[in-house]
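K.L.:
Shown below is the structure under consideration.
The values are calculated or read from the model by the stated rules, or taken from the named source; none is laboratory data. Because the structure is predicted, anything quoted here is derived from the model rather than measured. Cβ placement follows ideal geometry from the backbone for every residue including glycine, while neighbour counts extend to all protein chains displayed. Heavy atoms of the whole protein, side chains included, go into the accessibility calculation; ligands, DNA and RNA do not. Shrake-Rupley method; radii C 1.70, N 1.55, O 1.52, S 1.80 Å.
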Amino acid sequence: MIGAGYVGLTTATCFAEMGHEVACHDVDGERIRQLEAGELPIYEPRLEEAMRRAVASGKLRFSRSGADCVGGADIVFLAVGTPATPDGRIDLSQVEAAARLVSRWLKPGAVVAIKSTVVAGTCRRVREIMAEERQSLDFSVAANPEFLREGSAMEDFLCPDRIVIGCDDRRSASLLSEVYRPLTERGAPKVLSSTPNAELIKYAANAFLALKIGFINEVADLCAQTGADVGPVAEGIGLDRRIGPSFLRPGPGYGGSCFPKDTCIFAATGHGRGARQFLIETLIERNEKRKVALARRVIAQGELREGSVVAVLGLAFKANTDDVREAAALTMVPILQKAGLRVRAHDPKARANARQWLRDVEWTDTPYEAAHGADAVVILTEWEEYKNIDLGRLACTMSQRVVFDYRNLLDPRAVAAHGLTYFSLGRPPVSPVGKSTRGRVSALAGSRRRVAAPARD
């Protein structure tokens, strides 16, 4: 396994759990030293325990030597980064560098399988690079994209929706099929196709899932304007077997390491090949605008003024991860601060990562500390801790008692029963029992004049 990041570590650990002998190498020597010490550089449920178990069994080892890792391998997986360039195109420099690296030590007949998310045609490009390096075609290059969700990566690998294998020769198809046989024997579907097909499957799948998120967010906005409730609407949509219920929960826009990057690259690839992906191009624009709009909504609906305190609960882009890449909080917090608001923040796992991107934030150890004396609480990540928050304790510690639940985690009636004004997505606002929301909602235009949310730079 070349690459000891999120994908590489999860894949290496799971292969070892399946009984394969796995060696893992990364150009970051400090990361390898950390892993050799049994420390996981990322947060992912179950992964650290499984990794230590695999190392103890002798099935998984980490090496600072690429030659030591690659030399005896039947299959070499490339799990390195494929970031987007400033113009949205894919940067394949790490994949190409890894290909040149393994070319030096690869044994004849071995298969190089690309786990990284790459555009169609990358496997053929890598084959050319390696052939030039080795002056031989005594190897195979295959595409084996990953479909791991942060927060449930172990489950996704060991109980997959499908295993996609892209091969252009029989040997690589046979070897990769054998590697995954423990999973396919348990019923995991396998898609065996060409390398360009496998490469495109990954991008198209992520683009479609991102579209579902964008769609339900737009539907939620329509529900808010028509008096409907997005919960039953989403349920009714998702019961259609052709659609399904997953990714039909409104939120503050998608984030993370995959969807933002993959949608941009997918759109850029289509544009460059003369097959523009107009739906995805619009989705990308709307997703960013949504984060800005929700920040302004906090200011307006909360009737907040300069000096008001806002408690932000959740900095990770989703629950069960410490990943803050493209998280809604990174866009929304600066907008609140530019409006003169003070921000306190809490996240069970992502605080350290968020501190690298957010300034002048008061960091707290509990959500109740964040909410102490706050004029508004904003929930941005669907952590179970927030879903089960003690509403009575929250209400007692707040100042103005306004809650913005941008994950629709809480029961509106329960929130109102504790004297809190409640705003969510795609559902009517709810005021404390015995009070009306009409005055607060009708005051929105005036509150915008009092505190103008700054335009995004």
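K.L.:
Counting only heavy atoms of the protein chains, get the accessible area per residue of the chain (1.4 Å probe) and round it to a whole Å² value.
P.N.:
Counting only protein heavy atoms, the per-residue value for the chain is 45 Å².
K.L.:
Also, I was wondering about something else. Could you give the angle, 0 to 90 degrees to the nearest 10, between helix 47-57's Cα long axis and the longest principal axis of the Cα atoms of the chain?
P.N.:
The two axes meet at around 30 degrees.
K.L.:
Please report, largest first and rounded to whole Å, the three semi-axes of the ellipsoid equivalent to the range 357-429, where each semi-axis is the square root of five times an eigenvalue of the C-alpha gyration tensor.
P.N.:
Semi-axes from the Cα gyration tensor: 19, 14, 12 Å.
K.L.:
Separate question: Could you list the square roots of 5 times each eigenvalue of the Cα gyration tensor of the range 270-428, that is, the equivalent ellipsoid semi-axes, sorted largest first and rounded to whole Å?
P.N.:
28, 17, 16
K.L.:
Using modelled backbone amide H atoms (1.01 Å from N, in-plane), which distant-in-sequence or interchain residues come within less than 5 Å of A327's amide H?
P.N.:
Under 5 Å from the amide H of A327: G256.
K.L.:
Could you list which residues have their amide H under 5 Å from that of C24, counting only those 5 or more apart in sequence or on another chain, with H placed in the peptide plane?
P.N.:
Those lying under 5 Å, H to H, from C24 are R61, F62, S63.
K.L.:
Given a 1.4 Å probe and every protein chain left where it sits, what share in percent of the accessible area of the chain is carbon and sulfur?
P.N.:
The value for the chain is 50 percent carbon and sulfur by accessible area.
K.L.:
I'd like the per residue volume of the convex hull spanned by the Cα atoms of the range 148-203, given in cubic angstrom.
P.N.:
73
K.L.:
Continuing with the same structure: Expressed as a whole number of Å, what is the distance separating the alpha-carbon centroids of the range 184-232 and the range 100-119?
P.N.:
The distance from the Cα centre of the range 100-119 to that of the range 184-232 comes to 30 Å.
K.L.:
Of K212/K338; K349/K387; K338/K387; K289/K318; K261/K291; K115/K318, which sit over 25 Å apart, Cα to Cα?
P.N.:
Beyond 25 Å: K212/K338; K338/K387.
K.L.:
Let me ask you something else. How far is helix 6-17 tilted off the main Cα axis of the chain, in degrees rounded to 10, range 0 to 90?
P.N.:
For 6-17 against the chain, the angle is about 60 degrees.
K.L.:
Which values, in whole Å and largest first, are the semi-axes of the equivalent ellipsoid of the chain obtained as the square root of 5 times each eigenvalue of the Cα gyration tensor?
P.N.:
The equivalent ellipsoid of the chain has semi-axes of 45, 23, 20 Å.
K.L.:
A further question follows. Along each of the three principal axes of the Cα atoms of the range 109-182, give the extent in whole Å, ordering the values from largest to smallest.
P.N.:
Principal extents (largest minus smallest coordinate, Cα): 42, 24, 16 Å.
K.L.:
If you take every DSSP beta bridge fully contained in the chain, what fraction is antiparallel? Give it as a percent rounded to 5.
P.N.:
Antiparallel bridges make up about 10 percent of those DSSP assigns within the chain.
K.L.:
Sequence-distant or interchain residues sharing an amide H contact under 5 Å with I75, placed H: which?
P.N.:
V111
K.L.:
Roughly how much of K107 is accessible, in Å² to the nearest 10, using a 1.4 Å probe?
P.N.:
70
K.L.:
Take every Cα-Cα distance within the range 174-230, group them into 5 Å bins from 0 onward, and report for each bin the whole-number percent of pairs it holds.
P.N.:
Using 5 Å bins, I get a P(r) of 4, 15, 13, 12, 14, 10, 8, 8, 8, 5, 2, 0 for the range 174-230.
K.L.:
Relative to the longest principal axis of the chain, what angle (0 to 90°, nearest 10) does the C-alpha long axis of helix 259-272 take?
P.N.:
With both axes taken from Cα atoms, the answer is about 70 degrees.
K.L.:
Within the range 32-54, name every residue whose backbone N is under 13 Å away from a label modeled 7 Å from Cα of A352 along the Cβ vector.
P.N.:
Once the point is set 7 Å along Cα→Cβ of A352, 34-35, 39-44 turn out to lie under 13 Å by backbone N, inside the range 32-54.
K.L.:
Further question: Leaving ligands and nucleic acids out of the surface, order S152, S93 by accessible area at 1.4 Å, largest first.
P.N.:
I get S93, S152, largest accessible area first.
K.L.:
Follow-up. Once you place label points 7 Å from the Cα toward the Cβ at K289 and R134, how far apart are they in nm?
P.N.:
Here the modelled spin labels are 5.0 nm apart.
K.L.:
Can I ask one more? Just to be sure I follow: if Rg is taken over the C-alpha atoms of the range 218-331 and Rh is the Kirkwood radius over the same atoms, what is Rg/Rh?
P.N.:
1.01
K.L.:
Return the Rg/Rh ratio of the range 270-342 with Cα-based radii and a Kirkwood Rh.
P.N.:
1.12
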